[in-house]
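Here the structure is laid out as structure tokens; the discussion comes afterwards.
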């Protein structure tokens, strides 16, 4: 076997072992804590590093609470404008392993968002669906992946009727 083939097999073996390690089973406890960082917004092909993100995952008796805060700076005539958002969502464990839901009716047709979360390997995925006033389906997806060195990647997408209209990519560090 030639050197190049041996190098290729060694590289493939390392890659497979790395994937196995990074995809190992995780519990919600691995996500607990406060995570902060900056996000890059991608809208209509434009990339803007304009979001400060703060995510906290805390235990509760029946599941966990997810709090996310965001500050966004917009450049406008007459000066910068800073907007702040904060959302707190309590999730409860379901009968299915690694699957959580928000307690209550949360009827998307009545104007509420329906949210659920699942853990898949080292990834916490939160989905939120709502029916907007004109009947459009809004789907927000937050994919939080645990990385090395107490870091988390956040990949957010917002879709309207299956058409992606916005996304954010961020790296957050545990404080």
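Structure notes:
- Scanning the range 61-90 for residues that are surrounded by 16 or more Cβ atoms within 10 Å (Cβ to Cβ), at pLDDT 90 or above and within 21 Å of residue 36 (Cβ to Cβ) turns up 64, 66, 68, 70, 89.
- Candidates are the residues of the range 91-106 that are modelled with pLDDT of 85 or more and over 19 Å from residue 58 (Cα atoms); the one that is surrounded by the most Cβ atoms within 10 Å (Cβ to Cβ) is 96.
- In the range 67-158, counting only strands (runs of 3 or more DSSP E) that sit wholly within it, the ones holding 2 or more residues that are without any contact (Cβ under 8 Å) to a residue 40 or more places away in the chain, within 25 Å of residue 173 (Cβ to Cβ) and under 13 Å from the mean Cα position of the chain (by Cα) span 114-120, 123-131, 137-146.
The values are calculated or read from the model by the stated rules, or taken from the named source; none is laboratory data. Bear in mind that the values here come from a model prediction, so they are computed numbers and not experimental data. Please note: Cβ atoms are built from the backbone with ideal geometry, for glycine as well, and neighbour counts cover all protein chains shown.
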